[in-house]
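**Student:** Pasting in a structure now, in structure tokens, and then I'll have a few things to ask.
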Amino acid sequence: MRSILLLVYFVSICVFVKAQTNGGNSIMGKVVSTTGKAPLEYGTVTIFLKGEKKPLTGTTTDATGNFTLTDIPAGTYVIIFENLGYDANTMNDVLLNKKDAIIDLKTISLTPQKTMLQDVTVTSKVKLIDNKIDKLVFNAEKDVSSQGGVATDLLKKIPQVSVDEDGNVQLSGSSGIKFLINGKPSTAFGSNVADVLQSIPASQIKSIEVITNPGAKYDAQGTGGIINIILKTNNTKGYNGNISLSAGTRMENGSFNFNARKSNFGVNAFFSGNKRLPSNASNDTYRVTIDSNTISTLHQVSNSRFERQGLQTGAGFDWTLKKLNNFSGNISFNSFGMHGSGITNQALQPDKNGGLPETLTLTNSDSRFNIHTTDISLNYKRTFTREYQELEAAVNNSTEHSKGHSNSAQLWLPQDSLYFGIQASNPATTRETEFTIDYTQPLAEEIKLGLGTKAGFYNIASNSDVNSYQPALQTYLPNLFLTNSLNYKQKVYAGYAEISFPVAKLFDAKIGGRYERTEINSYFSNALTQAKVPGYNSFVPSVFISKKFNEKTTVKLSYSKRINRPDYEDLNPFVNTTDPKNLSTGNPNLKPEIGQRIEMAYNRDFDKKGSLMLNLFYRINDHDIQPFIVYYPLYKVGDSLYQDVAVSTRQNIGRENNVGLNLFGDFHFTPKLNIRGNVFVFHRHTINAIDKGYNTNSLNYRFNINASYQFTNSLLAEFFANFNSARHEAQGTYPSFTSYSMSIRKQFWQKKGSIALTASNPFREYLKQKTELKGPNFITNTERKIAFRSIGISFAWKFGKLEFKKDKVENDNNLNAPAQ
């Protein structure tokens with residue numbers, strides 16, 4: 001089967017390399033800006049038969065500023081070139097006759113408008129990765145693999161972001177990331193971030209914003225920073241949309257987007273789905289534990305099967321009233337689910353020195369988890385006659401209903417007699433509501449003051465119903481010690497102020513501060529005492545300094561302070577006893593993690609040759625929260641006593657210091673060959689305040705390379721390889737990770753349609769991972785083998801009819817209002 005798939009894949013590539021040509025009369029050219037001759041994307045090209053007012057046809061420019069008009073009858077034409085933020089350029093008396101089948105207009109230049117309009121955004125050539133003053137933007141639409149992958153496939157390609165084999169994401173070496181969708185929080189990310197990210201088709205994503213040092217305007221939550229996923233929309237007048245479908249050996253997904261706009265009102269809708277096909281994995285775990293002079297060994301070998309699926313749909317609108325008022329809103333529905341089952345063979349040697357007999361057991365397990373979320377947002381934006389003065393108000397609500405089921409049965413071998421079993425059900429409801437107001441006031445030509453306030457309410461209601469097997473009765477009965485309920489309520493009130501200004505002619509600065517008041521009221525039914533969590537205040541300052549030496553070189557220096565509040569899953573003291581030798585529980589005594597980060601960035605643009613970006617950072621985390629394992633010879637849960645058990649929880653491990661650098665280069669060696677590379681290296685020093693003397697020092701590094709080659713105007717191939725070194729935490733080392741993929745895409749139907757072939761790790765079906773963990777009285781080694789090879793094909797189609805005409809000029813008696 002493997003050989004057949006590889007043969008189909010590479011034969012298909014050979015078929016695609018065959019070039020295609022289009023016939024018929026046509027007009028082609030390239031639209032650029034007079035400033036730096038940068039190509040202009042999404043510029044409109046409209047053609048009129050001379051003497052006619054109604055356009056014959058039109059098109060838009062691509063990422064390189066090029067355009068082609070085909071099937072043009074013979075005649076004399078007037079062509080108008082336009083782009084938002086630029087003066088239009090009109091070309092008269094363009095003659096096309098039967099002898100001249102193709103007319104190349106070469107380069108057409110547009111001049112930037114001198115006056116910035118309130119409702120105009122100046123656009124230029126969109127890079128795959130754009131480094132702005134306070135964030136990094138990855139334009140996913142420019143990536144070949146966006147047709148067939150998922151969100152985590154795109155995250156791997158972003159500087160300072162790393163993704164492991166399970167889809168867990170780290171930003172600059174930290175997993176404390178605040179995820180947003182279209183700038184708004186979603187309760188979906190509170191359940192299982194890795195599963196949600198692997199259920200969002202990449203074809204649904206327009207761009208991903210990465211903010212390592214968020215300013216005062218952003219929430220203080222997330223010591224690692226913020227990752228904002230922007231879904232596709234289009235504000236072009238008329239109607240347009242796209243369809244994407246993918247099928248493969250490991251994953252299938254599809255998406256549909258539709259946008260329509262007339263005058264000052266627009267609507268959009270989308271639907272997308274993802275299916276992770278069932279795959280097998282195996283685990284081999286060997287644990288040695290020491291209690292006084294007793295040495296015990298536990299050997300577990302398991303085989304499991306896993307699958308995942310997700311669906312998202314939604315709609316939105318935006319309406320501009322009397323030029324200065326904009327109303328917008330969105331509603332989306334999300335459904336994610338996963339199912340796993342497995343068999344584990346276990347051998348326990350309770351005392352190697354004492355000669356006690358070895359016990360053999362077999363465990364059958366099955367788990368399911370489903371969540372359904374509804375996200376609603378309403379926004380109002382008011383602009384004024386003064387440039388950059390604006391007021392924004394928004395309300396966002398996200399509601400999640402989740403339900404988890406898990407069953408586990410353990411049998412003695414060789415008799416196959418059932419002696420332990422758990423049946424658990426965990427329904428929960430989560431609601432998050434936010435109210436925000438932001439105001440920007442220009443104080444002078446280059447000085448702006450930003451003010452804002454926010455109130456956030458986060459509520460969780462959860463129940464865990466557990467039945468335990470009673471060997472004497474040979475039946476399952478409710479376990480009152482494990483059954484529990486919790487109510488968790490968190491309120492955060494915030495206010496901020498920030499000011500941006502130039503310091504003489506030396507550099508530009510942006511300084512801000514954010515104050516947050518956090519209040520928590522929680523109830524855990526099975527806690528011995530209900531500890532009152534005191535409210536606490538947080539002040540998080542931020543400083544940004546930017547120096548632009550010329551049009552090509554920029555240096556930035558920034559500082560920010562962040563916090564990471566533990567959520568209810570971290571705090572919930574419910575004990576998961578599905579595997580009686582490996583228990584897990586929450587920690588209601590967790591404190592918020594406090595992080596501080598200093599970063600310096602250097603950016604150099606080499607025009608058509610590419611760009612270079614260097615980031616240096618230093619981060620300190622106090623009360624650092626990490627997963628933590630403690631071994632117990634005996635551990636009591638309710639009226640049950642567990643022997644030789646490892647209990648996993650979350651702890652404030654102590655302090656962690658990280659210092660490192662990230663180097664990213666984007667080089668265009670020829671007009672057809674583009675190579676991007678990223679190297680991320682950092683040193684981590686962990687001060688373990690729980691296990692004295694177990695401090696760690698480690699060097700961590702990640703690098704990737706992405707090469708693309710444009711064979712023809714419509715045929716593009718890409719290769720991507722990624723390596724993450726072993727990850728070092730307080731109690732040991734998590735495995736390194738290597739992946740690679742290749743893609744080839746062919747465009748047709750005047751670039752409105754495309755088909756792509758993709759392959760990930762095609763030469764190795766399984767990925768082997770080794771984990772080594774240790775504490776004062778235990779050592780655990782695990783080798784895991786997971787299916788990772790994937791070969792697939794995807795199809796994408798853009799459709800629509802755009803309006804190539806100017807808006808009518810409205811009569812307005814307010815002479816100070818900005819022009820349309």
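The values are calculated or read from the model by the stated rules, or taken from the named source; none is laboratory data. Quantities reported herein were computed from a predicted structural model and do not represent experimental measurements. Ideal geometry is used to build each Cβ from the backbone, glycine not excepted, and the neighbour counts take in all protein chains shown. We work out accessible area using only protein heavy atoms, side chains counted, and drop any ligands, DNA or RNA first. Shrake-Rupley method; radii C 1.70, N 1.55, O 1.52, S 1.80 Å.
**Student:** What are the pairs with Cβ atoms under 9 angstrom where one residue, in the range 513-524, is surrounded by fewer than 16 Cβ atoms within 10 Å (Cβ to Cβ) and the other, located anywhere, is modelled with pLDDT under 85 and of a type in the set (Lys, Arg)? Sequence gap at least six, or different chains.
**Tutor:** From residues that are surrounded by fewer than 16 Cβ atoms within 10 Å (Cβ to Cβ), the pairs are ASN521/LYS532.
**Student:** Give the range 175-203 a look and list any residue that's open to solvent by 10 Å² or more (accessible area, probe 1.4 Å) and either in a strand (DSSP E or B) or of a type in the set (Asp, Glu) (or both), or say none.
**Tutor:** If the condition is that a residue be open to solvent by 10 Å² or more (accessible area, probe 1.4 Å) and either in a strand (DSSP E or B) or of a type in the set (Asp, Glu) (or both), then ILE177, LYS178, PHE179, LEU180, ILE181, LYS184, ASP195 are the ones that fit.
**Student:** When you check GLY677 against the structure, is it over 22 Å from ASP166 (Cα atoms), without any contact (Cβ under 8 Å) to a residue 24 or more places away in the chain and out of contact with any Pro (no Cβ under 6 Å at 6 or more places or on another chain), yes or no? Spell out how you get there, then give the answer.
**Tutor:** On the way: over 22 Å from ASP166 (Cα atoms): yes; without any contact (Cβ under 8 Å) to a residue 24 or more places away in the chain: no; out of contact with any Pro (no Cβ under 6 Å at 6 or more places or on another chain): yes.
Criteria not met by GLY677.
**Student:** Okay, moving on. From the set of residues in the range 467-495 that are of a type in the set (Val, Ile, Thr) and at pLDDT 90 or above, which is surrounded by the fewest Cβ atoms within 10 Å (Cβ to Cβ)?
**Tutor:** Keep residues of the range 467-495 that are of a type in the set (Val, Ile, Thr), which gives 475, 483, 492.
Narrowing the set further to residues that are at pLDDT 90 or above leaves 475, 492.
Working: THR475: 10, VAL492: 20.
Once the filter is applied, the top-ranked residue is THR475.
**Student:** Looking at the range 371-391 only, could you name the residues that are surrounded by fewer than 16 Cβ atoms within 10 Å (Cβ to Cβ) and within 25 Å of ILE460 (Cα to Cα)?
**Tutor:** Passing the criteria: only LEU378.
**Student:** Kindly indicate whether any position in the range 448-458 is free of Cβ contacts under 8 Å to residues at least 24 places away in the same chain and either more than 24 Å from ARG517 (Cβ to Cβ) or within 31 Å of the chain's Cα centre (by Cα) (or both). Before you say what the answer is, go through the steps one by one.
**Tutor:** Initially, the range 448-458 is screened for residues free of Cβ contacts under 8 Å to residues at least 24 places away in the same chain, giving none.
No, that holds for no residue.
**Student:** Among the residues of the range 211-227 satisfying the criterion of being over 20 Å from ARG517 (Cα atoms) and in contact with a Gly (Cβ under 6 Å, 6 or more places away or on another chain), which is most open to solvent (accessible area, probe 1.4 Å)?
**Tutor:** The residue in question is THR212.
**Student:** A further question on this structure: Could you identify the single residue in VAL169, VAL163 that is open to solvent by less than 10 Å² (accessible area, probe 1.4 Å) and at pLDDT 75 or above? If you could, list the steps in order and put the result at the bottom.
**Tutor:** Working: VAL169 fails: open to solvent by less than 10 Å² (accessible area, probe 1.4 Å).
After applying the criteria, what remains is VAL163.
**Student:** Select from the range 481-517 the residues that are aromatic (Phe, Trp, Tyr) and assigned to a strand (DSSP E or B) and write down the one among them that is nearest to SER640 (Cα to Cα). Break it down into steps so the answer makes sense when it comes.
**Tutor:** Taking the range 481-517 first, the residues aromatic (Phe, Trp, Tyr) are 481, 488, 493, 496, 501, 507, 515.
Add one more test, that the residue is assigned to a strand (DSSP E or B), and what stays is 488, 493, 496, 501, 507, 515.
Numbers: TYR488: 27, TYR493: 43, TYR496: 51, PHE501: 64, PHE507: 66, TYR515: 46 Å.
Among them, the one singled out is TYR488.
**Student:** Part of a strand (DSSP E or B), without any contact (Cβ under 8 Å) to a residue 40 or more places away in the chain and open to solvent by less than 30 Å² (accessible area, probe 1.4 Å): does that describe ALA461?
**Tutor:** Working: part of a strand (DSSP E or B): yes; without any contact (Cβ under 8 Å) to a residue 40 or more places away in the chain: yes; open to solvent by less than 30 Å² (accessible area, probe 1.4 Å): no.
No, not satisfied.
**Student:** Follow-up question, since we're still on this one. I need a count of the residues in the range 229-253 that are closer than 20 Å to ALA394 by Cα and either open to solvent by 10 Å² or more (accessible area, probe 1.4 Å) or over 13 Å from the mean Cα position of the chain (by Cα) (or both).
**Tutor:** Summing the residues that are closer than 20 Å to ALA394 by Cα and either open to solvent by 10 Å² or more (accessible area, probe 1.4 Å) or over 13 Å from the mean Cα position of the chain (by Cα) (or both) in the range 229-253 gives 3.
**Student:** Moving to a separate point now. Tally up the residues in the range 649-695 that are open to solvent by 40 Å² or more (accessible area, probe 1.4 Å) and part of a strand (DSSP E or B), please.
**Tutor:** Start the filter on the range 649-695 by keeping residues that are open to solvent by 40 Å² or more (accessible area, probe 1.4 Å), which leaves 650-651, 655, 659, 661, 663, 667-673, 675, 679, 681, 683, 685, 687, 689-690, 692-695.
Now restrict to residues that are part of a strand (DSSP E or B): 650-651, 655, 659, 661, 663, 667-668, 673, 675, 679, 681, 683, 685, 687.
Qualifying residue count, the range 649-695: 15.
**Student:** Residue check: is TYR618 touching a residue at least 40 places away in the same chain (Cβ under 8 Å) and either in a strand (DSSP E or B) or buried (at least 19 other Cβ atoms within 10 Å of the Cβ) (or both)?
**Tutor:** Numbers: touching a residue at least 40 places away in the same chain (Cβ under 8 Å): yes; either in a strand (DSSP E or B) or buried (at least 19 other Cβ atoms within 10 Å of the Cβ) (or both): yes.
So TYR618 fits the description; yes.
**Student:** Being touching a Pro at 6+ places or on another chain (Cβ under 7 Å) and either free of Cβ contacts under 8 Å to residues at least 40 places away in the same chain or open to solvent by 20 Å² or more (accessible area, probe 1.4 Å) (or both) narrows it down to one of THR585, THR578, so name that one. Outline the logic, then answer.
**Tutor:** Values: THR578 fails: touching a Pro at 6+ places or on another chain (Cβ under 7 Å).
The unique qualifying residue is THR585.
**Student:** Across the range 45-100, which residue is surrounded by the most Cβ atoms within 10 Å (Cβ to Cβ) among those that are of a type in the set (Gly, Ala, Ser) and not in a strand (DSSP E or B)?
**Tutor:** First, the residues of the range 45-100 that are of a type in the set (Gly, Ala, Ser): 51, 58, 63, 65, 74-75, 85, 88.
Filter once more, keeping what is not in a strand (DSSP E or B): 51, 63, 65, 74, 85, 88.
Values: GLY51: 7, ALA63: 15, GLY65: 24, ALA74: 11, GLY85: 16, ALA88: 13.
Per the criteria, the residue is GLY65.
**Student:** Ok, one more. If we keep just the residues of the range 696-727 that are closer than 17 Å to LEU663 by Cα and free of Cβ contacts under 8 Å to residues at least 60 places away in the same chain, which is least open to solvent (accessible area, probe 1.4 Å)?
**Tutor:** The residue in question is SER725.
**Student:** Now a separate question. Looking at (1) in contact (Cβ under 8 Å) with a residue 60 or more places away in the chain; (2) open to solvent by 10 Å² or more (accessible area, probe 1.4 Å); (3) within 15 Å of ASP166 (Cβ to Cβ), find the lone condition where GLN769 falls short.
**Tutor:** That leaves (2) as the condition not met.
**Student:** Restricting attention to the range 730-743, and to residues there that are in a strand (DSSP E or B), out of contact with any helix residue (DSSP H, G or I) (no Cβ under 6 Å at 6 or more places or on another chain) and open to solvent by less than 30 Å² (accessible area, probe 1.4 Å), which single residue is nearest to THR649 (Cα to Cα)?
**Tutor:** GLY732
**Student:** Now for a different question. Just to be sure I understand the filter: pairs with C-beta atoms under 7 Å, separated by 6 or more residues or on different chains, first member in the range 535-552 and within 23 Å of ASP622 (Cβ to Cβ) and modelled with pLDDT under 90, second member open to solvent by 50 Å² or more (accessible area, probe 1.4 Å) and among the acidic types (Asp, Glu). Which pairs pass?
**Tutor:** What qualifies is GLY535/GLU519.
**Student:** Need at least 3 residues that are under 27 Å from ASN657 (Cα atoms) per element, so show me which strands (runs of 3 or more DSSP E) inside the range 553-599 make the cut, counting only ones lying wholly within it.
**Tutor:** Where strands (runs of 3 or more DSSP E) fall fully within the range 553-599 and carry at least 3 residues being under 27 Å from ASN657 (Cα atoms), they are 553-564.
**Student:** Moving on to the next point. Hey, among the residues in the range 291-344 that are open to solvent by 30 Å² or more (accessible area, probe 1.4 Å), at pLDDT 90 or above and among the aliphatic types (A, V, I, L, M), which one's nearest to ILE779 (Cα to Cα)?
**Tutor:** Per the criteria, the residue is VAL301.
**Student:** For ILE675, only one of the following conditions fails: (1) at pLDDT 90 or above; (2) closer than 28 Å to ARG655 by Cβ. What is its number?
**Tutor:** (2)
**Student:** Residues in the range 188-198: is at least one within 13 Å of the chain's Cα centre (by Cα) and more than 20 Å from ILE371 (Cα to Cα)?
**Tutor:** No, the range 188-198 has no match at all.
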